[in-house]
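The values are calculated or read from the model by the stated rules, or taken from the named source; none is laboratory data. Model, not experiment: these values are computed from the prediction. Using ideal geometry, Cβ is built from the backbone for each residue, glycine included, and neighbour counts are taken over all protein chains shown. Quick note on the areas: whole protein, heavy atoms, side chains included, nothing else; ligands and nucleic acids left out. Shrake-Rupley method; radii C 1.70, N 1.55, O 1.52, S 1.80 Å.
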Amino acid sequence: MVAGATYDALLRDAAVALTSAGIDNVRFEARLLLARAAGLSVEQLIARGGDPVPAATATVLRELTARRVRREPMAYILGEREFWGLPFKVSPAVLVPRPDSETLIETALALLPDRTRPLRLLDLGAGSGCLLLTLLREYPEATGVGVDASEAALAVARENAEALGVASRAQLVAGDWRRPDWTERLAGPFDLVVSNPPYIESRVIDGLMPEVARHEPRLALDGGADGLDAYRLIAAAAPRLIVPGGWLLVEGGEGQATDISGIFSAAGLSPKPPRKDLAGVERVVPAKH
Ligand code: GLN
């Protein structure tokens with residue numbers, strides 16, 4: 001990339017680099033990276049395609065492109081990802097919010113249609129806060145607790161709570177369900193408990209796409225030998241965390257819904273038919289207490 005090259009030329013160079021790294025959608029991503037490097041909107045970039053690029057912009061673009069070539073997720077490079085139409089700050093301390101997880105929000109809204117209820121919510125493994133904070137936006141009278149084992153993740157969630165205007169209704173606290181006393185400091189019981197826990201079988205993680213395997217937090221992915229460890233721990237605590245008649249809604253991986261339902265039944269909850277995501281995968285298991 002020669003100083004004085006045009007935006008269009010730099011865009012092409014970045015796209016070529018991304019292609020050689022095995023990335024799809026390279027024009028789209030290259031444009032987002034150049035827009036970030038230049039501090040311009042994508043629309044402005046298109047209008048200025050033939051203009052020369054300042055040397056500093058070219059340098060920043062090279063750095064951003066190199067990160068993406070190492071298969072760092074776009075969301076970490078840009079520092080943000082949209083979820084349920086809301087902007088969430090993300091860092092490598094948190095799982096990147098995925099559209100699949102919006103299925104859990106849809107399920108909650110379908111099961112608890114009265115938006116004016118002062119629900120008490122609990123999000124186990126809150127990460128960026130995308131589930132809890134979205135629910136707090138959808139239920140303006142609700143209050144919620146988000147638990148995470150990672151202080152770095154909690155810091156991201158707190159920033160998102162502020163930015164989304166729900167910080168006064170969100171309590172973000174450290175907690176680790178792998179410890180026996182983890183529920184002691186949670187002031188329940190709750191009307192709705194949600195979780196997108198780690199659910200990938202330990203041995204398959206290294207074979208996942210590099211964005212996930214090399215860059216996303218293991219803590220948010222690794223569900224143990226059969227991928228179901230977190231559901232067992234959550235199920236064991238759920239009856240004391242959830243009010244009678246309240247709901248537990250969890251995300252699961254492809255093919256896990258039957259096993260998750262079995263774990264919930266064994267713990268004394270009443271699992272309901274799983275809800276599918278847009279790809280037709282049974283993504284969310286609801287269970288009633
Ligand atoms: N949905 C993520 C993936 O398939 C996994 C997230 C999780 O384990 N909760 O990469």
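Counting other Cβ atoms within 10 Å, which trypsin sites (Lys or Arg not before Pro) in the range 143-184 have at most 12 and lie in a DSSP loop? All intermediate terms of the calculation are to be shown ahead of the outcome.
Values: sites: Arg158, Arg169, Arg178; in loops: Arg178.
Here the sparse-neighbourhood loop sites are Arg178.
Heavy atoms only, probe 1.4 Å: what % of the accessible area of the range 168-265 goes to carbon and sulfur, would you let me know? Whole-percent figure for carbon plus sulfur exposure: 52. Couplings 3J(HN,Hα) for the range 263-275, derived from phi with the Karplus relation 6.51 cos²θ - 1.76 cosθ + 1.60 (θ = phi - 60°), are 5, 5, 4, 4, 8, x, 9, 10, x, 10, x, x, 10 Hz, where x marks Gly and Pro. Contact order, relative form, for the range 61-200: 22 percent (alpha carbon pairs under 8 Å, 6 or more residues apart, mean separation divided by residue count). Normalised by the number of residues in the chain, the average gap of Cα pairs under 8 Å and 6 or more apart makes the relative contact order 14 percent. Given R0 = 30 Å, the distance between the Cβ atoms of Arg203 and Arg98 translates into a calculated FRET efficiency of 0.85. Just name one of Ala21, Ser41, Ala110: the one whose Cα is farthest towards the positive end of the charge dipole of the range 1-114 (beta-carbon charges, Lys/Arg +1, Asp/Glu -1). My answer, from the dipole projection, is Ala21.
Near the amide H of Glu80, within less than 5 Å, lie the amide hydrogens of Val90, all on another chain or at least 5 residues away, with H placed in the peptide plane.
Rounded to the nearest 20 debye, the dipole size of the chain about its Cα centre is 180 debye, using +1 on the Cβ of Lys and Arg and -1 on the Cβ of Asp and Glu. Protein heavy-atom surface of the range 29-72, 1.4 angstrom probe: 53% of the accessible area is carbon and sulfur, with nucleic acids and ligands not counted.
Among all the aspartates and glutamates, which ones have a C-alpha under 20 Å from Lys276's C-alpha, if same-chain residues fewer than 8 places away are not counted? By straight Cα distance, Lys276 reaches Asp100, Glu102, Glu106, Glu251, Glu254, Asp259. I'd like to know which of Gly125, Ile77, Ala58 lies farthest towards the positive end of the charge dipole of the range 18-144, counting +1 on Cβ of Lys and Arg and -1 on Cβ of Asp and Glu. Of the candidates, Ala58 comes out farthest on the positive side.
When the charge dipole of the range 147-247 is built from unit charges on Cβ atoms (+1 for Lys and Arg, -1 for Asp and Glu) and taken about the Cα centre, the candidate among Gly188, Val204, Ile234 whose Cα reaches farthest toward its positive end is Gly188. Remark: the range 16-157 carries a charge dipole of roughly 440 debye about the Cα centre, counting +1 on each Lys and Arg Cβ and -1 on each Asp and Glu Cβ.
Here the Gaussian network model covers the chain, with springs between Cα atoms less than 10 Å apart; of Thr183, Thr143, Thr19, Thr19 fluctuates the most.
With q set to 0.09, 0.13 Å⁻¹, the log10 of I(q)/I(0) for the chain, from the Debye formula over equal scatterers at the Cα positions, is -0.48, -0.89. The GluC sites (Glu not before Pro) of the range 183-289 that DSSP puts in a loop, and whose beta carbon has at most 11 other beta carbons within 10 Å, are Glu184. So for the range 1-124, Kirkwood radius off the Cα pairs, Stokes-Einstein at 10 °C and 1.306 mPa s: how many µm² s⁻¹? So the translational diffusion coefficient is about 96 µm²/s. Starting from the Cα gyration tensor of the range 128-277, take the square roots of the eigenvalues, sort them a ≥ b ≥ c, and report rounded, prolate or oblate (rounded when a/c is under 1.5, otherwise prolate if a/b is larger than b/c, else oblate). Oblate.
Given a cut-off of under 8 Å on Cα pairs at least six residues apart, what relative contact order in percent is computed for the range 201-250?
35 percent
Per residue, the accessible area of the range 78-183 comes to 42 Å², computed with a 1.4 Å probe over protein heavy atoms only.
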